[in-house]
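Report on the structure given below.
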Amino acid sequence: MKKILATISALVLIASVANAQSGLGGLLGSIFGGNKTENTTSQDGSSTVASAAEGLLGTLLGTVISKTVPVSLPGTWTYNGIASAIETENALTTIAASTYKEKLETKLDGYLQRIGIVPGVATITYNADNTFTIASTTKTIASGTYTYDTQSKEIVMKLGKVYSYMTMEGTVTATAKGVQVLFDANKFLAFAKKAIKVVGAGKDNSTLNTVAKLSDQVTGLQLGFDMVKK
């Protein structure tokens, strides 16, 4: 909690001097095909970096609140889209990366749709016997076992044989409409890459390679599932 509040304080300060752009912003722009400088000034004189800071501040405040909300995980959840977060103490890095958050989520969502993980359609079911299933309307995409600590909100999902018993460790966070289950970005991308082979959805991993470049540059990037109760 102290770390979050310290970061919020830093963001308030940074937003007031948001015309200072970190070098990472240019790198992220090249990764996603944008301009090298994303700190453009709007008509009212504010910058996109300042807007990113304000948006991130709201996200962090939401995180502080969500940590006090208990989450009951068992049941069937509808996949609502990619969830992402940036856990780092470098506030400038966080702001620069958050500028591209929507683009990252859109690219990865498009990739997962090829697997059958489609927003509003795919489901993730956590059973009381500690098994789980990720499914589309026509097939099971992945299954395995899980453990979930309601106090720490830590989750470990162990996939089955076809995924070489891959393990993903993450956290469960309450949202206004449901929950987000977030994992280390590299682990989640490894799951997505494996899944496209398992379901026979092709071999083109260019989108994942693009997202992986961002993951390599941003410390603390997390990716996962945004879900609502069915």
With label points set 7 Å from each Cα along the Cα-to-Cβ direction at residue 114 and residue 228, the distance between them in nm comes to 2.8
Relative contact order %, region 75-229, counting alpha carbon pairs below 8 Å whose residues are six or more apart:
31
Packing-based order for 116-123, 159-166, 182-189, using average beta carbon neighbours within 10 Å, highest first
182-189, 116-123, 159-166
Modelled label-to-label distance, residue 156 and residue 131, 7 Å Cα→beta-carbon offset: nm?
2.0
FRET efficiency, residue 121 to residue 198 (Cβ-Cβ, R0 22 Å, nearest 0.05):
0.75
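Can you figure out the FRET efficiency of residue 147 with residue 216, using R₀ = 30 Å and their beta-carbon distance, to the nearest 0.05?
Taking R0 as 30 Å, the efficiency between residue 147 and residue 216 is 0.55.
Which value does Rg/Rh take for region 75-229 over its C-alpha atoms, Rh per Kirkwood?
0.94
Read-outs: derived from the displayed coordinates by stated rules, not from any lab. All values derive from a computational prediction rather than experimental measurement. Backbone-built Cβ (ideal geometry, glycine too); neighbour counts: all protein chains shown.
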